[in-house]
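Q: The structure under discussion is supplied below as structure tokens; questions concerning it will follow.
Read-outs throughout are calculated quantities, based only on the coordinates presented, and are distinct from any laboratory measurement. These numbers were taken from a predicted model, which means no experiment stands behind them. Glycine gets a Cβ as well: all are built from the backbone with ideal geometry, and neighbour counts include every protein chain shown.
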Amino acid sequence: MHIIDHRVDVTALGKEIASRTRRLLDGRNVVAVNIMGAIGSGKTILIEKMVERIGETVALAAVAGDVVSDLDAGRIRRTGIPVVGVNTGRECHLDAHMIEHAIADLAASRIDLLLVENVGNLVCPADFDLGTHKRVVVVSVSEGDDIVAKHPMIFLDADLCIVNKVDIAHAVGADPRKMADDARRINPRIEVMLASLRTGQGVSEVMSWFERLVASRRGQCTEQEMQGS
Amino acid sequence: MHELALAATIIESALEHAGSLARIDEVHVSVGCLVMASPEQLAFGFETLSVGTAAGGARLIVETTPVLARCASGHETRAMIAQLGMESLMGVLECPQCGEPADIVEGREIVLTRIVGEERPPAAGRT
């Protein structure tokens with residue numbers, strides 16, 4: 001019998017690919033956002049609304065993760081922005097390797113903001129860095145107002161939480177403020193916005209968040225260019 | 001729920017770091033208690049995916065490790081969290097000493113710690 005003792009980070013390869021992807025995106029001045037949330041929470045409609053509201057001024061592209069179908073990618077494709085559909089097969093999440101390939105497929109497009117729609121799931125995506133710059137979680141009141149408390153891990157590293165479908169909160173007996181409070185307690189750095197992506201309530205605020213993100217990236221680039229000149 | 005993917009990366013790492021072992025009998029990993037994976041399903045995934053490799057038939061031994069959190073004042077909390085619900089997590093995310101928010105320092109990693117197996121037999125001389 002022979003024993004070899006190690007201290008090897010098993011997830012190192014995934015982390016390395018994620019860092020490589022971030023550097024690649026930085027080199028192309030693309031800011032990328034990982035959009036996570038349960039099935040039916042409103043991830044795809046968020047992208048549709050973004051194309052409608054800020055698509056004129058911000059060059060958008062998307063990666064749509066789905067277990068087997070192409071339905072989400074199809075919905076986004078109809079908005080006219082470049083999109084790559086990623087079928088994860090049996091997997092319940094996207095990983096950095098899949099994103100690296102998807103980005104290669106988008107090499108010909110000019111992109112300011114890349115929207116990565118993760119597989120509908122509030123558990124597994126929390127464990128995977130995709131190489132994006134920011135993480136957004138979309139939750140909806142119809143999932144019950146204890147949904148945040150039930151899945152705290154996904155909020156730990158998130159930058160923005162959108163509590164969606166607030167227009168039907170009363171009908172489903174959910175308190176959106178409880179959801180917002182829970183998210184802020186888990187992660188004091190998170191920004192929380194109450195919205196109804198379908199009716200338009202709160203959508204301007206959500207759009208501003210993304211516009212600010214792109215503007216800050218452009219600002220950084222200008223700064224670098226000025227320093228370089 | 002993504003134990004199969006994690007098991008595959010554990011097998012890859014074990015094969016890569018097996019050195020001169022011709023056969024692997026045990027693979028030890030420590031898994032932070034905040035990783036969203038169950039040890040039983042990891043072991044099942046390992047058993048299934050290792051077939052046909054040098055780790056085929058080997059046992060995966062999972063040690064669950066505690067979370068370490070540190071607040072801005074430097075207070076450290078170490079705790080084993082079995083149920084990843086909000087209330088149990090808040091026990092480390094809100095510093096028990098000063099109540100300030102704390103950051104997770106450890107508890108989300110998967111580390112390969114030991115490989116046990118049989119050495120490759122000495123190469124036979126050419127005839």
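Q: Divide by every residue of chain A the summed helix terms, -39500 (n - 2.57) for each DSSP H run of at least 4, and state the resulting mean residue ellipticity at 222 nm, rounded to the nearest 500 deg cm²/dmol. The partial results should precede the final answer.
A: Details: 9 runs with 94 residues, N = 229.
Taking each H run of at least 4 residues, the total per residue is -12000 deg cm²/dmol.
Q: Also, I was wondering about something else. Suppose each label sits 7 Å from its Cα in the direction of the beta carbon; what would the A:Arg23-A:Ala59 distance come out to in nanometres?
A: According to this spin-label approximation, the distance is 2.3 nm.
Q: Relative contact order, percent, of the range A:30-151 when contacts are C-alpha pairs under 8 Å separated by at least 6 residues? Display every interim value, and only then the final one.
A: On the way: 227 pairs, mean separation 51.3, N = 122.
The normalised contact order for the range A:30-151 reaches 42 percent.
Q: If one computes the Cα centroid of the range B:45-114 and of the range A:18-70, what distance in Å separates the two points?
A: Using only Cα atoms to place each centre, the spacing works out to 30 Å.
Q: Ranked by Cβ crowding within 10 angstrom, fewest neighbours first, how are A:His170, A:His151 ordered? Display every interim value, and only then the final one.
A: On the way: A:His170 11, A:His151 23.
Result, fewest neighbours first: A:His170, A:His151.
Q: For labels at B:Ala82 and A:Glu52 in the simple 7 Å Cα→Cβ model, what's the distance in nm?
A: The modelled label-to-label distance comes out at 4.8 nm.
Q: On to the next question. Calculate the length of the line joining the C-alpha centroid of the range A:147-224 to that of the range A:72-117, in whole Å.
A: Going from one Cα centre to the other spans 22 Å.
Q: Once you've got the Cα coordinates, tell me which of A:Lys15/A:Lys178; A:Lys15/A:Lys49; A:Lys43/A:Lys178 are over 26 Å apart.
A: Numbers: A:Lys15/A:Lys178 34 Å; A:Lys15/A:Lys49 31 Å; A:Lys43/A:Lys178 21 Å.
In this structure, A:Lys15/A:Lys178; A:Lys15/A:Lys49 lie more than 26 Å apart at Cα.
Q: Can you pull the one-decimal nm distance between simple spin-label points at B:Glu100 and A:Ser208, each 7 Å off the Cα toward Cβ?
A: 3.0 nm
Q: Under a 10 Å cutoff between Cα atoms, tell me which one of B:Gly107, B:Gly85, B:Gly32 has the largest fluctuation in the Gaussian network model of chain B.
A: Among B:Gly107, B:Gly85, B:Gly32, the largest GNM mean-square fluctuation belongs to B:Gly85.
Q: Per DSSP helix of 4 or more residues, -39500 (n - 2.57); summed, then divided by the residues of chain B. What does that give at 222 nm, rounded to the nearest 500?
A: Values: 3 runs with 33 residues, N = 127.
That calculation yields -8000 deg cm²/dmol at 222 nm.
Q: Also, I was wondering about something else. Given chain B, what percent of its DSSP beta bridges are antiparallel, to the nearest 5?
A: Values: 18 of 25 bridges.
In chain B, approximately 70 percent of DSSP beta bridges are antiparallel ones.
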